[in-house]
1. Excluding residue 35 itself, what net charge comes from residues whose Cβ is under 12 Å from its Cβ, given Lys and Arg +1 and Asp and Glu -1?
2. Would you compute, from DSSP H runs of 4+ residues alone, the mean residue ellipticity of the chain at 222 nm, taking -39500 (n - 2.57) per run and dividing by the full residue count, rounded to the nearest 500?
3. Report, please, the projected area of segment 26-65 averaged over directions, based on the convex hull of its C-alpha atoms, in nm².
4. Calculate how steeply helix 49-58 sits against the longest principal axis of the alpha-carbon atoms of the chain, using the helix alpha-carbon long axis, and give the answer as 0 to 90 degrees to the nearest 10.
5. Excluding residue 45 itself, what net charge comes from residues whose Cβ is under 15 Å from its Cβ, given Lys and Arg +1 and Asp and Glu -1?
6. What share of Cα pairs, in percent, lie more than 17 angstrom apart in the chain?
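Computed from the coordinates by the stated procedures, all read-outs in this text should not be read as laboratory data. Only a predicted model underlies this, so the values are computations on that prediction, with no experimental measurement involved. Ideal geometry is used to build each Cβ from the backbone, glycine not excepted, and the neighbour counts take in all protein chains shown.
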Amino acid sequence: MLTIAELQAGVIFGDNNTREYVYMPGSEIGVDNPVCVYENAGQRRDVDMEEALRLIRVRSLRQTRHPVLGESSC
C-alpha cells in the first residue's frame, strides 16, 4: 500500500545503473485504473498497477532521480 501511495505522489522508482524506471505519469493520478510506465534501456511500455508493483519488488527498484523527469513524475 505504501508503494502505491508513493507512485500516486509522483515518486519514481528505478535503478540508474541498469536504466530501469517505474513511475505513474501525473495525468494518471486520480484515475480508477491508472497506468504506470516502465522504462528499460530507453524503451517505454505501459503497465498496470499490479505489474508496476511486481517490477518494483522483483527488480528491487528504489526511489531515484530520473535522468529526464528528475525527482518526480508530476
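1. Details: positive: 44, 45; negative: 28, 32, 46, 48, 50, 51.
That works out to -4.
2. That comes out to -6500 deg cm²/dmol.
3. Working: hull surface 13.4 nm².
Over every viewing direction, the Cα hull of segment 26-65 projects on average to 3.3 nm².
4. Once rounded, the angle reads 30 degrees.
5. Overall, the nearby charge balance is -3.
6. Distances greater than 17 Å cover 31 percent of the Cα pairs.
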